[in-house]
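*Asks:* I'd like to ask you about the structure that follows.
Readers should treat all values here as calculations from the given coordinates under stated rules, not as data from a laboratory. None of the values given here were measured: they were computed from a predicted structure. Positions of Cβ are generated from backbone atoms using ideal geometry, with glycine treated the same way; all protein chains shown enter the neighbour counts.
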Amino acid sequence: MSNVKQVFQSFGAYLGEVGVEFKKIAWPDRQELVDSTVVVISFIVILAVVVLCCDKVIQFFLRLIHT
């Protein structure tokens, strides 16, 4: 029974430490979040276009080889 009590005490201490660390987090403000989101979405679109171009080039050469 003491092992169960010790586990719950350890878990409670862990949650307390998590709470302390959670208060140290520096959350971004709204503008910084919007800017970061725009950068990420832009990068994804650019990467998708690059992959599409590479795919089309490879497809073109494979059709040349195949026919």
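*Asks:* What does the highest-first list of 24-34, 3-13 look like by mean Cβ count within 10 Å?
*Replies:* 3-13, 24-34
*Asks:* Using helices alone, what [θ] at 222 nm do you get for the chain, with -39,500 (n - 2.57) per DSSP H run of 4 or more residues, divided over all residues and rounded to the nearest 500?
*Replies:* For the chain, the value works out to -32000 deg cm²/dmol.
*Asks:* Here is a further query. How far is helix 30-66 tilted, in degrees, relative to the longest principal axis of the Cα atoms in the chain, given as a value from 0 to 90 rounded to the nearest 10?
*Replies:* 40
*Asks:* Relative to the first principal axis of the alpha-carbon coordinates of the chain, what is the inclination of helix 2-23, with its axis defined by its Cα atoms, in degrees from 0 to 90 and to the nearest 10?
*Replies:* Taking the Cα atoms of the chain, the angle to 2-23 is about 60 degrees.
*Asks:* Placing +1 at every Lys and Arg Cβ and -1 at every Asp and Glu Cβ, with all other atoms neutral, what dipole size does the chain have around its Cα centre, in debye to the nearest 20?
*Replies:* So the magnitude is around 200 debye.
*Asks:* Still on this structure: Among [x] 10.2; [y] 5.5; [z] 5.2, find the value of mean projected area of the Cα convex hull in nm² that was calculated from the structure presented, and write down its label.
*Replies:* Answer label, from the structure shown: [x].
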